[in-house]
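Presented below is the structure to which this report refers.
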Amino acid sequence: MTKQTCLIFLFMLAITAGYAQQQPAGQRPNVLFICIDDLRPDLGCYGSQQVHSPNLDRFAGSSMLFSKQYATVPTCGASRASILTGMLPREKADLSNEAAAMKISGKPETAEPETFIAQLKRNGYYTVGIGKISHYVDGYVYPYTAPKSDKLELPHSWNEMLFDPGKWKTGWNAFFGYADGSNRQSKKGEIKPYEAADVNDEGYPDGLTAALAVKKLRELGAKKQPFFLAVGFFKPHLPFNAPKKYWDMYDESKITLTPSPGIPENVNRASLHGSAEFNQYKLGEEKASLNAAVSDAYARKLRHAYYACISYTDAQIGKVLDALKAAGLDKNTVVVIWSDHGWHLGDDLVWGKHTIFEWALRSVLMIRTPAMKQGAVCDKVVSAVDVYPTLMSLCDVPMPHRTDGQSLAPLLRNPHARHWNEAAYSYFRNGITVRTARYRLTRYFRKAQPVIELYDHQTDPWENHNVAAQHPDIVKALMKTWEKGNTGIYDKRQQ
């Protein structure tokens, strides 16, 4: 099934759906918020003809799938801090993985809640986190090689913050864990960037997270108050480790390679990077570089590994969704499935995130409300910062302050709603980019030229050709929209 056919199919399913009707008076919905790390939208429901993702595809059939949702920052901690606060980055610290730890952790609770989770908690929700929701993988602030601390990253958001590290003992060890109980840190990077151990689902950490979430759902179902349950899955974040049975779903020889095999035309290398995170795995067969692509055979191996991780996570999400339904909780639960950003799989010679190209910024967002009976696709451009006001609207909880997002509720009612501001802003590498319905316009604050990049998604969906020099009129017109996202983060005072 082609991407276009898949999207049309999902839309046709939705014609009779009541997208986002309000809950009956006095019956606030529960919220299940599922976060996935480093997942670009390579799923069947997003049009992929290669990836096996039956559970997420099934969920798409009863949810609103946002085909053009963008992270504000293409790195884990900063992206999560942005969605949780509903705010665009305004300071250099907002671009760091430590964004939440630096700006939230340890501070007293004030009139302004630290996250939308805290706002739900203040308004009668019982809040539980399992796994990686903000940057720290078990919710507690401590270095990669240290014992777990007692300092919560989001101290005012949770009634409970849970994680089962299993044989890895700590959250960070589990995050970088291999099937024998070792991890990247203990191996000092002398390890491959992938593994296919012949183990069951709980032989890697995400299986333990799913089991814990299933158990907690049963407990929450017995409570007499609405709940917010956040579940954070690690894969497909590096290392690309998944049980062998998920690797066996793929024929590596048939995996296709990138449509963007080189550096885009009229683009400075400063807009990209040398895949440093990927190259930390020192026993990888080849190193990534902007000087030359890895071999086709190795690129297929790595894509195979990434896809196996997607299928593994898909299976774990399926367990959680099945448990929600088995407990009868799906009838009054808003479900949000979101990935924190995309990932270059050799696209533009990059293996990793950390760019402000489409590959690193476009990610998964699907929302299901109890009123939905069938799914639909929304092709409007939306941003992760839109999730905060959306949840407040769906849960009938007052907005505590103005965020940078706009509620998606109108699009949940009608994915073709006319009055929608199609502009999503993202920030990294000394640059700000805006994605509109047709274009991406990027401006960098640097000396390396060119500093302006323009991509026409109507003719160049993979952003292979920077056409800013050929279309100064379009650049000038779009710059007015771009300016609305210039938060001053690269002002000289911030340098």
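Annotations
- Sequence-separation-based contact order of region 112-255, relative, with Cα cut under 8 Å and 6+ spacing, percent: 28
- Within straight-line cross-link reach of Lys353, lysines at Cα separation under 17 Å, skipping those fewer than 8 residues along the same chain: Lys235, Lys287
- Per-residue HN-Hα couplings for region 438-444 [Karplus 6.51, -1.76, 1.60; θ = phi - 60°; Hz; x = Gly/Pro]: 10, 10, 10, 10, 10, 10, 9
- Taking the chain and dividing mean pair separation by its residue count, relative contact order in percent (alpha carbons under 8 Å, at least six apart): 25
- If the chain linking Phe445 and Lys92 were pulled fully straight, counting 0.36 nm for each residue of separation and taking away their Cα-Cα distance, it would gain 125.8 nm.
- Straight-distance candidates among the aspartates and glutamates for linking to Lys244, with alpha-carbon spacing under 13 Å and chain neighbours fewer than 8 residues away dropped: Glu195, Asp198, Asp201, Glu202.
- Averaging the sequence gap over all C-alpha pairs within less than 8 Å and six or more residues apart, then dividing by the number of residues, gives region 38-87 a relative contact order of 23 percent.
- A convex hull fitted to the Cα coordinates of region 353-495 yields 142 cubic angstrom per residue.
- Around Asp164: net Lys/Arg minus Asp/Glu count, Cβ-Cβ under 12 Å: +1
- If the chain linking Asp456 and Glu252 were pulled fully straight, counting 0.36 nm for each residue of separation and taking away their Cα-Cα distance, it would gain 70.2 nm.
- Cross-link reach list, aspartates and glutamates versus Lys224, counting only Cα pairs under 17 Å and skipping chain neighbours closer than eight places: Glu160, Asp330
- Surrounding net charge for Gln27, when Lys and Arg each add one and Asp and Glu each subtract one, Cβ distance under 11 Å: +1
- Computed over the chain, the per-residue total of -39500 (n - 2.57) for DSSP H runs of n ≥ 4 gives a 222 nm mean residue ellipticity of -7500 deg cm²/dmol, rounded to 500.
- Considering only Val141, Trp172, Leu120, the residue lying farthest towards the positive end of the dipole of the chain is Leu120, judged by Cα position with unit charges set on Cβ.
- Backbone phi angles across region 84-100, fed through the Karplus curve with coefficients 6.51, -1.76 and 1.60 (θ = phi - 60°), yield HN-Hα couplings of 6, 9, x, 10, 6, x, 10, 10, 4, 4, 6, 9, 9, 4, 8, 3, 5 Hz in residue order; Gly and Pro are listed as x.
- Max-minus-min Cα coordinates of the chain on each principal axis give 60, 53, 49 Å, with the largest extent listed first.
- Trypsin sites (Lys or Arg not before Pro) lying in DSSP loop within region 412-482, provided at most 13 other Cβ fall within 10 Å: Arg418, Lys447
- Relative intensity of region 134-181 on a log10 scale, I(q)/I(0) at q = 0.14 Å⁻¹, equals -0.33, per a Debye sum over C-alpha point scatterers of equal strength in the absence of solvent.
- Charge tally around Pro205: other residues with Cβ under 15 Å, Lys/Arg +1 each, Asp/Glu -1 each, net -2.
- Region 137-195-region 468-483 distance, computed between alpha-carbon centres (Å): 45
- Residue separation of Ser182 and Glu219 scaled by 0.36 nm, minus their Cα-Cα distance, works out to 10.1 nm of gained length.
- Residue-normalised accessible area of region 386-494, expressed per residue, 1.4 Å probe, Å²: 50
- The string of couplings for region 255-271 from the Karplus curve (6.51, -1.76, 1.60, θ = phi - 60°) is 6, 7, 9, 5, x, 10, x, x, 5, x, 5, 6, 10, 7, 4, 5, 7 Hz, one whole number per residue in order, with x for Gly and Pro.
- Expressed as a whole percent, the accessible surface of the chain that belongs to carbon and sulfur atoms is 52, based on a 1.4 Å probe.
- Residue ranges 464-475, 210-221, 171-182 sort as 171-182, 210-221, 464-475 when ordered by packing (mean number of other C-beta atoms within 10 Å per residue, highest first).
- Restriction of the GluC sites (Glu not before Pro) in region 159-216 to DSSP coil positions whose beta-carbon has at most 15 other beta-carbons within 10 angstrom yields Glu190.
- Met479/Lys287 FRET efficiency (R0 45 Å; Cβ-Cβ; nearest 0.05): 0.75
- In the context of the full set of protein chains, residues of region 22-158 present 33 Å² of accessible surface per residue (probe radius 1.4 Å, heavy atoms only).
The values are calculated or read from the model by the stated rules, or taken from the named source; none is laboratory data. Predicted model only: the values in this text are computed from it and were never measured. Positions of Cβ are backbone-derived with ideal geometry, glycine not excepted, and every protein chain shown enters the neighbour counts. Keep in mind that these areas ignore ligands, DNA and RNA; they rest on the heavy atoms of the full protein, side chains included. Shrake-Rupley method; radii C 1.70, N 1.55, O 1.52, S 1.80 Å.
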